[in-house]
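Asker: The structure that follows is given in the form of structure tokens.
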Amino acid sequence: MNNQYNPLYGMLGILASAASVILPLYAAYKDYQFGENMLSLMDIIIFPLGIVRGLMYLFG
């Protein structure tokens, strides 16, 4: 692999890991605001669900 892409992959990894932490918490916060406590708990426990729901709330 060419070494010029290593910093780009590093930044992509940092962004992906930050999104995998922030988006489920954002989705849980929005669900808690809407009064859906069970969904907010599921957003935190099942983090792929939280990422998808966080993206839905962010862009929808």
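Asker: Going by average Cβ neighbours within 10 Å, how do the peptides 25-33, 38-46, 52-60 rank, with the highest at the top?
Answerer: Order by mean packing, descending: 25-33, 38-46, 52-60.
Asker: Follow-up question, since we're still on this one. How large is the translational diffusion coefficient of the chain in µm² per second when you combine the Kirkwood radius over alpha carbon pairs with Stokes-Einstein at 10 °C and 1.306 mPa s?
Answerer: Diffusion coefficient, whole number: 129 µm²/s.
Asker: What number, in percent, do you get for the relative contact order of the chain if the mean sequence gap of Cα pairs under 8 Å and at least 6 apart is divided by its residue count?
Answerer: Over the chain, the number comes to 33 percent.
Asker: When the helices in the chain are scored as -39500 (n - 2.57) per DSSP H run of 4 or longer and the sum is shared across all residues, what 222 nm value do you end up with, to the nearest 500 deg cm²/dmol?
Answerer: -28000 deg cm²/dmol
A short reminder: the numbers here are calculations on the coordinates, not readings from a lab. Please read all numbers here as calculations on a predicted model, not as lab measurements. FYI the Cβ positions are ideal-geometry reconstructions off the backbone, even for glycines, and counts take in every protein chain you see.
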